[in-house]
Structures are given as C-alpha cells and as structure tokens.
Amino acid sequence: MDREVRKIKQGLSLKFSELVYNGFWHSPECEFLRECIGRSQEPVQGTVRLSVFKGQVYILGRESPRSLYNEELV
C-alpha cells in the first residue's frame with residue numbers, strides 16, 4: 001500500500017473497532033468499512049515473521065514481491 005491508502009485505512013480501522021466494540025457488527029456502516037478495508041488489502045502479498053512473548057508481538061522481518069522499498073535507491 002502507498003502512504004495515502006495506509007493513512008486512510010488506519011482511520012477506517014479506528015472507526016471499525018469503535019463500531020464492533022459498540023455491537024454494530026451487522027450495521028450498514030460496519031459492512032461498508034469491512035468492504036473498504038478488504039479492498040485495500042487485495043494487492044497486499046508477502047510474509048511477516050513475528051515473535052510473541054508474554055502478550056507482546058514483535059515484528060522480526062517482512063518481505064513482499066510487491067514492496068515499494070527499493071534498496072538501490074537508498
């Protein structure tokens with residue numbers, strides 16, 4: 001995802017969690033947000049390595065064939 005899509009998705013995720021917490025899972029708003037978030041994830045591919053320890057999650061690494069990061073430009 002590019003920066004702008006990620007920014008919009010983060011805002012939608014906050015609204016989604018608020019709706020779910022308040023019991024509106026089957027509301028039209030929540031269905032709309034699920035569809036939007038799902039559409040934003042369609043082009044996402046790759047692998048993330050995690051470590052879970054005492055309730056904490058740590059990202060150990062991530063790789064994707066569609067990454068926007070280019071080592072040659074760094």
Can you give the Rg to Rh ratio of the chain, both from alpha-carbon atoms, with Rh computed by the Kirkwood formula? 1.06
With +1 on each Lys and Arg Cβ and -1 on each Asp and Glu Cβ, how big is the dipole of the chain about its Cα centre, in debye rounded to the nearest 20? 240
Let me check I've understood the local charge: for GLN10, count other residues with C-beta under 12 angstrom from its C-beta, Lys and Arg +1, Asp and Glu -1. What total comes out? +4
Hey, can you find the accessible area per residue of region 3-73 for me, probe 1.4 Å, expressed in square angstrom? 91
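Rounded to a whole number, what % of the accessible area of the chain do carbon and sulfur atoms account for, probe 1.4 Å? Could the numbers behind the result be given before it?
Details: 3680 of 6720 Å².
C and S fraction of accessible area: 55 percent.
The values are calculated or read from the model by the stated rules, or taken from the named source; none is laboratory data. Quick caveat: nothing in here was measured; it's all calculated off a predicted structure. Here the Cβ is made from the backbone with ideal geometry for all residues, glycine too, and neighbour counts use every protein chain on show. Note: accessible area is taken over every heavy atom of the protein model, side chains too, but ligands, DNA and RNA are not part of it. Shrake-Rupley method; radii C 1.70, N 1.55, O 1.52, S 1.80 Å.
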